[in-house]
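Asks: First, the structure itself, so that you have it in front of you.
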Amino acid sequence: MVRRILGPFPELAGLSEIDMAAAYADDAPEELVDALHDRMQLVHDVLASAGCQCVGHAGGARRDEDWGGDICELVTRCGAHDIVEYAADGTSVTSSVKLDLASLRVEVDDNNELCAWIYEES
């Protein structure tokens, strides 16, 4: 099976930042929640317009047809979040990073089924 990389996608460059912590709060303003959903839909639409398919599409056994879980995770990680890296000696370093959607690329197979998400984190 041949794999190839699609992206980055110009439609995902220059997007405004969404305060993810506020968007996921119980008392989040409706317009912030709508902005979050719109961002997820944008990522979905960009991938669909590039011809991407979910895993299992060619064989008729589709899994996560809208990439809902993956897209939600990607968009959520666009907000600053901490990661902890551990060294062999037991020490750790915490860094604040965020995913850059403008860097998003995807690996697809010869059926255009999405195999991997590729992106940069700051």
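Asks: For an R0 of 30 angstrom, estimate the FRET efficiency from the Cβ-Cβ distance between Ala35 and Thr91 and round to the nearest 0.05.
Replies: FRET efficiency, Ala35 to Thr91: 0.20.
Asks: Can you check what the net charge comes to around Val46, using other residues whose Cβ is under 12 Å from the Cβ of Val46 (Lys, Arg +1; Asp, Glu -1)?
Replies: 0
Asks: Can you give the FRET efficiency to the nearest 0.05 for His44 and Ile83, using r as the Cβ-Cβ distance and R₀ = 30 Å?
Replies: Working: r = 26 Å, r/R0 = 0.86.
Given R0 = 30 Å and the Cβ-Cβ separation, E is 0.70.
Asks: Could you work out the relative contact order of the chain, using alpha carbon pairs under 8 angstrom and six or more residues apart, expressed as a whole percent?
Replies: Computed over the chain, the figure is 33 percent.
Asks: Summing +1 for each Lys or Arg and -1 for each Asp or Glu, what net charge is found among the other residues whose Cβ lies under 14 Å from the Cβ of Tyr24?
Replies: Overall, the nearby charge balance is -4.
Asks: Tell me the net charge near Arg3. Cut-off is 11 Å between Cβ atoms, Arg3 excluded, with +1 for each Lys or Arg and -1 for each Asp or Glu.
Replies: On the way: positive: Arg4; negative: Glu107, Asp109, Asp110, Glu113.
Cβ neighbours under 11 Å give a net charge of -3.
Asks: Compare the peptides 33-43, 76-86 by average per-residue count of other Cβ atoms within 10 angstrom and give them in order, highest first. Don't skip to the answer; put the middle values down first.
Replies: Details: 33-43: 16.3, 76-86: 13.4.
Highest to lowest by the protection proxy: 33-43, 76-86.
Asks: At what distance in angstrom do the alpha carbon centres of segment 81-122 and segment 19-43 lie from each other?
Replies: Centre-to-centre (Cα) distance: 22 Å.
Values in this text are rule-based calculations from the coordinates and carry no lab data. Nothing here was measured: the structure is a model prediction, and the numbers come from that model. Using ideal geometry, Cβ is built from the backbone for each residue, glycine included, and neighbour counts are taken over all protein chains shown.
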